[in-house]
1. Which of the residues belonging to the range 161-187 are surrounded by 20 or more Cβ atoms within 10 Å (Cβ to Cβ) and part of a helix (DSSP H, G or I)?
2. For Arg126, are the conditions met, namely being within 29 Å of Leu144 (Cβ to Cβ) and of a type in the set (Lys, Arg)?
3. Take the range 115-151 and flag every residue that is assigned to a loop (DSSP other than H, G, I, E, B) and touching a Phe, Trp or Tyr at 6+ places or on another chain (Cβ under 6 Å).
4. Does the range 219-228 contain any residue that is crowded, with 17+ Cβ neighbours inside 10 Å, more than 27 Å from Gln18 (Cα to Cα), small (Gly, Ala, Ser) and in contact (Cβ under 8 Å) with a residue 40 or more places away in the chain?
5. Of all residues in the range 237-276, count the ones that are touching a residue at least 40 places away in the same chain (Cβ under 8 Å), under 24 Å from His29 (Cα atoms) and not acidic (Asp, Glu).
6. Give the residue, chosen from Ser62, Ser74, Ser67, that is surrounded by 18 or more Cβ atoms within 10 Å (Cβ to Cβ), of a type in the set (Ser, Thr, Tyr) and closer than 23 Å to Leu219 by Cβ.
7. Scanning the range 217-268 for residues that are basic (Lys, Arg) and part of a loop (DSSP other than H, G, I, E, B), which turns out nearest to Met193 (Cα to Cα)?
8. Mind listing whichever residues of the range 201-210 are at pLDDT below 90 and crowded, with 18+ Cβ neighbours inside 10 Å?
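The values are calculated or read from the model by the stated rules, or taken from the named source; none is laboratory data. Every value quoted in this text rests on a predicted model; they were computed, and no experiment measured them. Here the Cβ positions follow ideal geometry from the backbone for every residue, glycine too, while neighbour counts run over all protein chains shown.
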Amino acid sequence: MDGFLDDGSLAQARRPGQDPAISFDGVSHRYPDRRDGRGTEAIADFTADIAPGALVCLLGPSGCGKSTLLNVLSGFEKPSGGRVLVDGLPVLGPGPDRGVVFQEPNLLPWRTVLGNITLGPDLAGRPREQTLRAARRLIGLTGLTGFERHAPYELSGGMRQRVALARAWISGPPILAMDEPFGALDAQTRISMQELLVDIWGGTGSTILFVTHDVDEALFLADRIMILGPRPGRLAKDISSPLPRPRIYENLVVDPVYAGLKRDILLSLRQPDYSI
């Protein structure tokens, strides 16, 4: 895919009809526990394919295995059973084909905004001028112009997450894994960040797997919503969004289709076995 480091292009066509960008094939994961020897089963037999260029939300309550699935996809955890494929190849560890945005920005306090954004390319030894050109483009897209030399402690929470988003996207990873990155933000900033994410995604063609426990966030962002059942996480529901794009919050909240879909999802989540 054409990334910011390649030619600065934001134009990237979707790849309909191609093989899945991500395949979860019977993925299970158990965390060991020395106290009882059995451990905690976080995910059980999770199977799903995600098309290239899709924006998919994983929705469910805390503790249902959403973050574990992202960690397995990102290569930070090795599944106890099954496998994850990216473009048909098994995930064996972290790689540059998968960017990650965490719940906290995790910025390096001794690096400026610009320095944090360019961290990955700098460590990889990419040409400096090319890296700076890509970083400036992302700084403009994320509304950080004028803050290039600021330290992380001088930024608001929303601005720090903008830096984290730019850092993850600068190398143009085909896949972006996002673990509730806007959960700690106030409502207005959260909406702005969601809109920003959709705007950039719409031009890059990245495949995004976005973890959330917020139904409104999932409905605004996603092409597809995968609902996990209670731990151990299994795919309980798989919903293709009927909501057209572009989506505007003020219009969505009064859309009867949106309201009906939100009601159905909330009713489903309230069932102990997600049986609705």
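1. Just the residues of the range 161-187 that are surrounded by 20 or more Cβ atoms within 10 Å (Cβ to Cβ), to begin with: 161-170, 172-182.
Answer for the range 161-187, where residues must be surrounded by 20 or more Cβ atoms within 10 Å (Cβ to Cβ) and part of a helix (DSSP H, G or I): Gln161, Arg162, Val163, Ala164, Leu165, Ala166, Arg167, Ala168, Trp169.
2. Working: within 29 Å of Leu144 (Cβ to Cβ): yes; of a type in the set (Lys, Arg): yes.
Yes: the conditions hold for Arg126.
3. First pass over the range 115-151, keeping only residues assigned to a loop (DSSP other than H, G, I, E, B): 118, 125-127, 142-151.
Those that are assigned to a loop (DSSP other than H, G, I, E, B) and touching a Phe, Trp or Tyr at 6+ places or on another chain (Cβ under 6 Å): none in the range 115-151.
4. Scanning the range 219-228 turns up no residue that is crowded, with 17+ Cβ neighbours inside 10 Å, more than 27 Å from Gln18 (Cα to Cα), small (Gly, Ala, Ser) and in contact (Cβ under 8 Å) with a residue 40 or more places away in the chain.
5. 3
6. Ser67
7. Going through the range 217-268, the residues basic (Lys, Arg) turn out to be 224, 231, 234, 237, 245, 247, 262-263.
This time we only want the ones that are part of a loop (DSSP other than H, G, I, E, B), so: 231, 234, 245, 247.
Values: Arg231: 29, Arg234: 29, Arg245: 17, Arg247: 14 Å.
Here the residue is Arg247.
8. Going residue by residue through the range 201-210, those that are at pLDDT below 90 are 202-205.
Result: Thr204, Gly205.
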